[in-house]
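The values are calculated or read from the model by the stated rules, or taken from the named source; none is laboratory data. No experiment lies behind these values; they were computed from the predicted model shown. For neighbour counting, all protein chains shown are included, and Cβ atoms are generated from backbone atoms with ideal geometry for every residue, glycine included.
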Amino acid sequence: MFAVIRKFILKACSVRLQASSNRRFVGACLQANPRRSLRFPLAALLVTLGASSALAQSADPVRVSDEVAAQFALVAADPRVQTTLAQIAAAEPETLAEQVRITEIPAPPFGEQRRAEYYVEQMRQRGLPDAFIDAEGNAVGLLRGTGDGPLFVIAAHLDTVFPLETDVSVEIRDDGRYYAPGISDDGRGLTTLLTLIEAITGSGIRTVGDILFVGNVGEEGPGDLRGIKAIFRDYPDIDGFVSIDGSGLTRMTTGGTGSRRFAVEFTGPGGHSFSAFGLVSAIHAMGRAITKIGDLQVPQTPRTTFTVGTVTGGTSVNSIAADAMFELDMRSNDAAELARLEARVREVTAQAVAEENARWNNNGEITVNFRLIGDRPTGSTAAEHPLVQVAALAFDAVDSSLEALRTSSTDSNIPMSLGVPAITIGGGGSSGGEHAPEEWYDPTDSHKGPQLAFLLTLGLVGIEGLSAPQL
């Protein structure tokens with residue numbers, strides 16, 4: 001059977017096709033070259049053959065060059081890599097047990113220390129004895145390569161959106177799913193990263209490039225990506241970045257949705273609701289501003305959004321408010337649109353304050369202050385970049401269909417904004433209810449997550465004496 005498959009592939013390979021037209025097909029050609037032994041299992045080759053015709057009829061989100069495909073084929077066919085892929089699959093029950101242990105350590109925003117301490121110890125036990133917690137609170141471990149390759153960072157975030165008092169106990173129900181706040185986001189990403197560390201350090205493979213593994217703080221909400229901002233401040237020579245965030249293996253994030261968040265603070269004299277009637281009111285001014293913001297029009301493309309998420313202010317029901325505040329979230333996939341939205345919001349808010357002051361004949365004065373509480377820059381990584389190409393090949397190698405490239409807000413926003421190639425991937429399995437108490441994780445085929453991360457990492461940093469780094 002293997003001889004028949006080899007003969008079929010080689011015959012098809014005689015037809016000159018560019019790698020960009022079908023990456024799976026080119027990979028099959030490389031693996032079937034008679035100068036190399038056929039190391040891929042029969043099932044994988046049959047999937048490859050079937051995919052070669054299917055892809056010709058469907059849109060492929062990533063086109064892969066001959067050079068990238070050839071280098072990745074060398075990595076994927078290496079016996080040490082094949083052995084390690086099998087070991088990752090066999091170790092998945094323990095990987096899931098680790099996911100439970102991590103999830104059950106609370107890690108609210110700005111409260112990640114306990115989880116970071118546990119995590120850095122796990123990094124040390126898996127082959128990074130010099131792992132440490134940096135000044136920002138990130139768990140960091142460096143695996144050095146041969147010394148003449150790129151510096152690659154792969155990370156997962158330690159924090160969750162849930163407050164410290166949240167019950168994070170994991171429950172495995174009859175449907176086979178794991179239920180707990182944070183079990184997927186980012187319990188799965190963190191666990192996949194630990195499995196990746198153990199896979200590389202235990203494989204006997206020496207990489208060409210250096211790999212910086214990071215369990216980072218501050219990805220969620222008020223954290224404002226502070227962990228990854230610190231990494232790129234402290235390591236200015238990073239050549240590529242991958243974030244493992246949540247579950248799934250059908251999408252790759254190559255674009256960063258930018259956001260600007262403000263606490264918009266109104267201040268006035270305040271007074272008694274009856275005896276001081278006629279004074280300007282901070283809450284009335286705030287209400288005028290919210291109404292004007294709510295009437296703003298934003299484009300659907302590039303997607304641009306806004307919302308007033310919280311409001312506070314006042315002293316009592318029978319007081320004219322001396323202070324009021326709302327928190328505003330603005331997002332866009334385009335930096336220019338985000339800047340235009342912010343300018344417009346500032347303009348209508350100033351109008352609202354002026355109207356409140358004029359309404360009461362300038363009897364007192366309301367002032368407003370925009371206090372920045374969140375700043376996530378926009379950015380993107382081109383689909384043509386070798387990092388994206390290698391990732392697409394890794395999706396194929398674990399038999400997972402890459403359905404789309406997407407734009408969202410992740411840790412990858414920071415490197416993208418700096419011009420460093422970056423993507424975000426999932427850690428395998430599937431999930432639902434993220435950011436809710438009933439968050440769940442389904443471990444079906446979950447081993448494919450760490451397998452993909454393993455192949456992707458080796459493809460990017462290269463293997464000594466075998467393959468060149470693609471960063």
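Could you say which residue among 78, 130, 159 is more than 14 Å from residue 200 (Cα to Cα) and surrounded by 18 or more Cβ atoms within 10 Å (Cβ to Cβ)?
On the way: 78 fails: more than 14 Å from residue 200 (Cα to Cα); 130 fails: surrounded by 18 or more Cβ atoms within 10 Å (Cβ to Cβ).
Result of the check over 78, 130, 159: 159.
Looking at residue 384, is it closer than 30 Å to residue 252 by Cβ, among the acidic types (Asp, Glu) and assigned to a loop (DSSP other than H, G, I, E, B)? Spell out the reasoning first.
Details: closer than 30 Å to residue 252 by Cβ: yes; among the acidic types (Asp, Glu): yes; assigned to a loop (DSSP other than H, G, I, E, B): yes.
Here the answer is yes, as residue 384 does meet what is asked.
Has region 241-248 got at least one residue that is farther than 26 Å from residue 354 by Cβ, in contact with a Phe, Trp or Tyr (Cβ under 8 Å, 6 or more places away or on another chain) and surrounded by fewer than 20 Cβ atoms within 10 Å (Cβ to Cβ)?
Checked region 241-248: no residue is farther than 26 Å from residue 354 by Cβ, in contact with a Phe, Trp or Tyr (Cβ under 8 Å, 6 or more places away or on another chain) and surrounded by fewer than 20 Cβ atoms within 10 Å (Cβ to Cβ).
Let's see how each residue does on (1) modelled with pLDDT of 95 or more; (2) part of a helix (DSSP H, G or I); (3) under 18 Å from the mean Cα position of the chain (by Cα):
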position	(1), (2), (3)
110	yes, no, no
124	yes, yes, no
161	yes, no, yes
190	yes, yes, yes
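Does residue 394 satisfy the condition of being assigned to a helix (DSSP H, G or I) and within 30 Å of residue 251 (Cα to Cα)?
Numbers: assigned to a helix (DSSP H, G or I): yes; within 30 Å of residue 251 (Cα to Cα): yes.
Criteria met by residue 394.
What residue, of 396, 445, 411, is surrounded by 24 or more Cβ atoms within 10 Å (Cβ to Cβ), farther than 19 Å from residue 237 by Cα and of a type in the set (Asp, Glu)?
Values: 445 fails: surrounded by 24 or more Cβ atoms within 10 Å (Cβ to Cβ); 411 fails: farther than 19 Å from residue 237 by Cα.
Within the list 396, 445, 411, the selection yields 396.
I'm checking my understanding of the structure. Among residues of region 392-412 that are of a type in the set (A, V, I, L, M) and more than 14 Å from the chain's Cα centre (by Cα), which one is farthest from residue 73 (Cα to Cα)?
So the first thing to find is which residues in region 392-412 are of a type in the set (A, V, I, L, M), and the list is 392-394, 397-398, 402, 404-405.
Checking the rest, the ones that are also more than 14 Å from the chain's Cα centre (by Cα) come to 392-394, 397-398, 402, 404.
Details: 392: 13, 393: 9, 394: 10, 397: 10, 398: 13, 402: 18, 404: 23 Å.
If we take residues in region 392-412 being of a type in the set (A, V, I, L, M) and more than 14 Å from the chain's Cα centre (by Cα), then 404 is farthest from residue 73 (Cα to Cα).
On the basis of being outside the structural domain of residue 267 (by TED's automatic domain parsing), loosely packed, with under 15 Cβ neighbours inside 10 Å and farther than 30 Å from residue 263 by Cβ, does residue 428 make the cut?
Numbers: outside the structural domain of residue 267 (by TED's automatic domain parsing): yes; loosely packed, with under 15 Cβ neighbours inside 10 Å: no; farther than 30 Å from residue 263 by Cβ: yes.
In short, no.
Considering only residues that are part of a strand (DSSP E or B) and within 12 Å of residue 245 (Cβ to Cβ), which ones fall in region 423-442?
First, the residues of region 423-442 that are part of a strand (DSSP E or B): 423-425, 430-432, 440-442.
Selection gives 423, 424, 425, 431.
Out of the residues in region 69-108 that are touching a helix residue (DSSP H, G or I) at 6+ places or on another chain (Cβ under 6 Å) and outside any helix (DSSP H, G or I), which is farthest from residue 443 (Cα to Cα)?
The residue in question is 107.
Does region 443-471 hold any residues that are closer than 22 Å to residue 73 by Cα, part of a loop (DSSP other than H, G, I, E, B) and touching a residue at least 40 places away in the same chain (Cβ under 8 Å), and which are they? Break it down into steps so the answer makes sense when it comes.
Pass one, region 443-471, residues closer than 22 Å to residue 73 by Cα: 447-471.
Within this subset, residues satisfying the condition of being part of a loop (DSSP other than H, G, I, E, B) are 447, 462, 464-471.
Within region 443-471, 447, 462, 464, 466, 467, 468, 469, 470, 471 meet the criteria.
So, residue 403, is that one in the same structural domain as residue 425 (by TED's automatic domain parsing), modelled with pLDDT under 95 and more than 15 Å from residue 286 (Cα to Cα) or not? Reasoning before the result, please.
Details: in the same structural domain as residue 425 (by TED's automatic domain parsing): yes; modelled with pLDDT under 95: yes; more than 15 Å from residue 286 (Cα to Cα): yes.
Taking the combined requirement at face value, the residue satisfies it.
Looking only at region 239-250, count how many residues are touching an Asp or Glu at 6+ places or on another chain (Cβ under 7 Å) and outside any loop (DSSP other than H, G, I, E, B).
Residues of region 239-250 touching an Asp or Glu at 6+ places or on another chain (Cβ under 7 Å): 243, 245-246, 250.
Those left that are additionally outside any loop (DSSP other than H, G, I, E, B): 243.
So the count comes out to 1.
I'd like the full set of residues that are among the small types (Gly, Ala, Ser) and touching a Lys or Arg at 6+ places or on another chain (Cβ under 9 Å), limited to region 100-158. Give the derivation first.
Within region 100-158, the first condition is being among the small types (Gly, Ala, Ser), and the residues that meet it are 107, 111, 116, 127, 131, 135, 137, 139, 141, 145, 147, 149, 155-156.
Selection gives 107, 131, 137, 139, 141, 145, 156.
Based on what the data block shows, is residue 461 in contact with a Pro (Cβ under 8 Å, 6 or more places away or on another chain), on the phi < 0 side of the Ramachandran plot and buried (at least 24 other Cβ atoms within 10 Å of the Cβ)?
Working: in contact with a Pro (Cβ under 8 Å, 6 or more places away or on another chain): yes; on the phi < 0 side of the Ramachandran plot: yes; buried (at least 24 other Cβ atoms within 10 Å of the Cβ): yes.
For residue 461, the condition - in contact with a Pro (Cβ under 8 Å, 6 or more places away or on another chain), on the phi < 0 side of the Ramachandran plot and buried (at least 24 other Cβ atoms within 10 Å of the Cβ) - is met.
Looking only at region 150-182, which residues are under 26 Å from residue 456 (Cα atoms) and touching a strand residue (DSSP E or B) at 6+ places or on another chain (Cβ under 7 Å)?
150, 151, 152, 153, 154, 155, 156, 157, 158
Would you check if residue 223 is under 30 Å from residue 442 (Cα atoms) and out of contact with any Phe, Trp or Tyr (no Cβ under 9 Å at 6 or more places or on another chain)?
On the way: under 30 Å from residue 442 (Cα atoms): yes; out of contact with any Phe, Trp or Tyr (no Cβ under 9 Å at 6 or more places or on another chain): no.
Here the answer is no, as residue 223 does not meet what is asked.
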